[in-house]
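Taking it in order: structure first as structure tokens, then the write-up.
The values are calculated or read from the model by the stated rules, or taken from the named source; none is laboratory data. Everything numeric here is computed off the predicted structure, so don't read it as measured data. SASA here: full protein model, heavy atoms, side chains in, ligands and nucleic acids out. Shrake-Rupley method; radii C 1.70, N 1.55, O 1.52, S 1.80 Å.
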Amino acid sequence: MSSNGNLLSRRIVKEERKNKKEERKKITIFLFFNHKLMFYYFLCNFILYTRAVNGHLDILRPAIKNYGGSVKVLSVEGEDCVVKYVGPESIGLGIKAAIKEKFPDVVNVIFTH
């Protein structure tokens, strides 16, 4: 009887190991696809947000061109909006105010040349 009990306990242990291995495999696959989905979500969000801010600046572009300037949003990441801007500083202040007013999540507008 003890050999049957010993054999049964070995089978149970073997089955538990197999189940744990399958569970780890499922978790690994889930984490891999979840990571990919998160990447695509942030990429799409980055592109859409950048386009939205650029679209909002279309209102100001004619005035900026009249003063020999140009403006283009390069990226929006979290609270920071990176803008390529050439032109008078007074219009730059207006650009910052326009972005912050329309997009309250943006705290910092950073100009580059």
Original post:
By DSSP, what percent of the beta bridges with both residues in the chain are antiparallel, rounded to the nearest 5?
Top reply: 60
Original post:
Tell me, what % of the accessible area of the chain is carbon and sulfur with a 1.4 angstrom probe?
Top reply: 60
**OP:** Take every Cα pair under 8 Å in the chain that's 6+ residues apart, average their separations, divide by the length, and report that relative contact order as a whole percent.
**Re:** 19
**OP:** Evaluate the Kirkwood expression for the hydrodynamic radius of the chain, namely the inverse of the mean inverse distance over all pairs of different C-alpha atoms, and round to one decimal in Å.
**Re:** 18.2
Original post:
Can you run phi through the Karplus equation (6.51, -1.76, 1.60; θ = phi - 60°) for the range 100-112 and list ³J(HN,Hα) in whole Hz, with x for Gly and Pro?
Top reply: 5, 5, 6, 10, x, 5, 7, 9, 10, 10, 10, 8, 10
Original post:
How big is the range 37-102 in terms of Cα radius of gyration and Dmax, in angstroms?
Top reply: 12.9, 44
Original post:
Tell me, what is the per residue accessible area of the chain in Å², probe radius 1.4 Å?
Top reply: 79
